[in-house]
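Q: Please find one structure pasted underneath; my questions will follow.
The values are calculated or read from the model by the stated rules, or taken from the named source; none is laboratory data. All figures in this text were calculated on a predicted structure; none of them were measured in a lab. No Cβ is skipped: glycine too gets one built from the backbone with ideal geometry, and neighbour counts run over all protein chains shown. Note: areas computed on protein heavy atoms with side chains; ligands, DNA, RNA excluded. Shrake-Rupley method; radii C 1.70, N 1.55, O 1.52, S 1.80 Å.
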Amino acid sequence: MIRTILHYPDPRLREPGKKVTEVTDELRKLIDDMAETMYAAPGVGLAATQIGEPWQIFVIDIAAEDEPSNLQVFVNPEILARDGEITWQEGCLSFPGVQEDIDRAAKVRVRAQDRDGKTFELEADGLLAVAIQHELDHLEGVLMIDHMGPLKKRLVHRKMQRREDAHATR
Ligand code: NI
């Protein structure tokens with residue numbers, strides 16, 4: 001089922017996700033919904049908190065359009081190591097129409113569980129490293145706007161607020 005993606009400045013985006021103690025069938029259903037919602041948007045990543053579900057879960061698929069899809073599920077993710085620096089032009093499904101350069105670690109080592117609750121570790125660089133850090137932020141209630149300088153922050157805030165006001169009066 002395709003879920004509604006919350007847009008900034010919805011306060012629910014600031015609520016951190018709760019740790020998953022067991023990946024139940026109910027949570028697997030949520031993961032399916034998250035994947036469906038991400039693909040429909042379309043986007044390369046989606047965190048549970050972006051659809052108002054307060055769990056430490058995100059999904060990522062960075063496969064190019066001409067490649068087969070490659071869904072990666074991260075439950076209770078944690079970054080074990082970061083290395084280097086990279087600047088990437090990021091977007092976010094909770095910030096429609098916004099694309100800004102954000103500084104991130106160039107490489108990360110992450111530990112998480114998959115949709116069967118099995119623990120895995122992964123080393124990532126490039127887009128995958130950026131996406132993991134972006135989605136992990138969501139699970140802590142941190143948004144891309146928090147990584148911007150004061151001027152950009154004001155501009156993006158105003159743009160999103162205007163967009164929200166326009167929707168509210170429709
Ligand atoms: Ni995002």
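Q: Only one of 53, 90 is open to solvent by less than 70 Å² (accessible area, probe 1.4 Å), within 24 Å of residue 162 (Cβ to Cβ) and within 16 Å of the ligand (Cβ to nearest atom). Can you tell me which?
A: 90
Q: Also, quick follow-up: So in the stretch 15-44, with the set limited to residues that are touching a helix residue (DSSP H, G or I) at 6+ places or on another chain (Cβ under 9 Å) and closer than 20 Å to residue 160 by Cα, which one is surrounded by the fewest Cβ atoms within 10 Å (Cβ to Cβ)?
A: Within the stretch 15-44, the match that is surrounded by the fewest Cβ atoms within 10 Å (Cβ to Cβ) is 15.
Q: Here is a list: 78, 22. Which entry is over 15 Å from residue 128 (Cα atoms) and not basic (Lys, Arg)?
A: 22
Q: Restricting the stretch 1-29 to residues that are outside any loop (DSSP other than H, G, I, E, B) and in contact with a Lys or Arg (Cβ under 9 Å, 6 or more places away or on another chain), which is nearest to residue 48 (Cα to Cα)?
A: Among those that are outside any loop (DSSP other than H, G, I, E, B) and in contact with a Lys or Arg (Cβ under 9 Å, 6 or more places away or on another chain), it is 27.
Q: Moving to a separate point now. Sort through 30, 93 and tell me the only one that's over 18 Å from residue 126 (Cβ atoms), aliphatic (A, V, I, L, M) and in contact (Cβ under 8 Å) with a residue 40 or more places away in the chain.
A: Numbers: 30 fails: in contact (Cβ under 8 Å) with a residue 40 or more places away in the chain.
Result: 93 is the single residue among 30, 93 that is over 18 Å from residue 126 (Cβ atoms), aliphatic (A, V, I, L, M) and in contact (Cβ under 8 Å) with a residue 40 or more places away in the chain.
Q: Which of the residues spanning the stretch 105-121 are out of contact with any Pro (no Cβ under 6 Å at 6 or more places or on another chain), part of a strand (DSSP E or B) and without any contact (Cβ under 8 Å) to a residue 40 or more places away in the chain?
A: Listed by number, the residues that qualify are 107, 108, 109, 111, 119, 120.
Q: With the requirement that a residue be of a type in the set (Gly, Ala, Ser), within 14 Å of the chain's Cα centre (by Cα) and under 22 Å from residue 108 (Cβ atoms), what does the stretch 36-81 give you?
A: 43, 45, 47, 48
Q: Among the residues that make up the stretch 140-152, is at least one of them away from the ligand (no atom under 16 Å from the Cβ), under 30 Å from residue 23 (Cβ atoms) and open to solvent by less than 50 Å² (accessible area, probe 1.4 Å)?
A: No, that holds for no residue.
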